[in-house]
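All remarks here apply to the structure that follows.
Since every read-out is calculated from the coordinates, none of them should be taken as a lab result. Model, not experiment: these values are computed from the prediction. For neighbour counting, all protein chains shown are included, and Cβ atoms are generated from backbone atoms with ideal geometry for every residue, glycine included.
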Amino acid sequence: MQQIAEVFERRTTTDVVFDRLHEEIVSLRLRPGSKLSEVEVARRFGVSRQPVRDAFNRLENLDLLLIRPQRATEVRGFSMQRVTHARFVRLAVELEVIRHACSVWDDVRADKLETNLEEQQRAMDTGQAERFHALDYQFHELICELGNCPLAFDTIKHYKQKVDRLCMLSLGQTNELVTLFDDHRQLADMLRQGHVEEAVAITRQHLGRLDETIATIHRTHSEYFES
């Protein structure tokens, strides 16, 4: 309790409730369709209902909760329409980032990206899947930053998160990490060589690898999808 009290001192009550619920929803500890009560959540955190209500509203704005008057609030299900849209926007933005990055890439930028790739390799070699995925995330962010498009990653991140929760239903295997790493390696090589169309093609292939995974999840976990 002392540790939680210290967290509340540094941050607003709404922030704490939001962050805890957000993490539980995106990690699927709270599955689509799970019911949430303001009263029960307020009791759980030892707070009044207002910060819980505010946190609920923030989560609804992220399409993570469905709030309906006079009915129970519930964790929102997945929508293939929203997932498809998120994938479309992310691809469009990332392809433009790659084109722009190729126009400014140099050895200094290439070496910084190489450091990330070396860490990815170590994470794979030591079986640290979570570490690898964090570095995968950083890899795409670095390309935006080094390619002089840092704000583009805000958009990529926003739409990526909409798909990440869905993909938690699929457990990644080691061979999948190898495939992703090979894509990263090829993309880094094309950026270093300034081969724009090849870099674009690799990016399109890389981001498209989730298509089959999403289709499989839709087929095997239909109960989590909105009709």
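How do Val108, Val163 line up, fewest other C-beta atoms within 10 Å first? Walk me through the numbers on the way to the answer.
Numbers: Val108 8, Val163 18.
The fewest-first ordering by Cβ neighbours comes to Val108, Val163.
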Charge-dipole axis of the chain as Lys and Arg at +1 and Asp and Glu at -1 on Cβ define it, positive-most pick from Asn61, His133, Pro51: Pro51
Karplus (6.51, -1.76, 1.60) ³J(HN,Hα), θ = phi - 60°, over the range 145-160, in Hz, Gly and Pro reported as x: 5, 5, x, 6, 10, x, 6, 4, 5, 4, 5, 4, 4, 4, 7, 4
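Ranking Lys162, Lys35 by Cβ neighbours within 10 Å, fewest first, what do you get?
Lys35, Lys162
Sort Lys112, Lys157 so that the residue with the fewest other Cβ atoms within 10 Å of its own Cβ comes first and the one with the most comes last. Before the final figure, lay out each step's value.
On the way: Lys112 12, Lys157 15.
Least crowded to most crowded, the residues run Lys112, Lys157.
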Separation between Cα centres of the range 96-167 and the range 203-227, rounded to whole Å: 22 Å
Among Leu180, Leu151, Ser227, which residue has its Cα positioned farthest towards the positive end of the charge dipole of the chain, with +1 placed on the Cβ of Lys and Arg, -1 on the Cβ of Asp and Glu, and the dipole taken about the Cα centre? Ser227
Given the options Thr84, Ala199, Cys102, identify the residue whose Cα lies farthest towards the positive end of the charge dipole of the range 83-226 (+1 on Cβ of Lys, Arg; -1 on Cβ of Asp, Glu). Thr84
Per the helix-only calculation at 222 nm, which mean residue ellipticity applies to the chain, given -39500 (n - 2.57) for every DSSP H run of n ≥ 4 and division by its residues, nearest 500 deg cm²/dmol? -24000 deg cm²/dmol
Sequence-distant or interchain residues sharing an amide H contact under 5 Å with Phe225, placed H: which? Phe78
Measuring from its Cα centre, the range 53-189 shows a charge dipole (+1 at each Lys and Arg Cβ, -1 at each Asp and Glu Cβ) which, in debye to the nearest 20, is 1020 debye
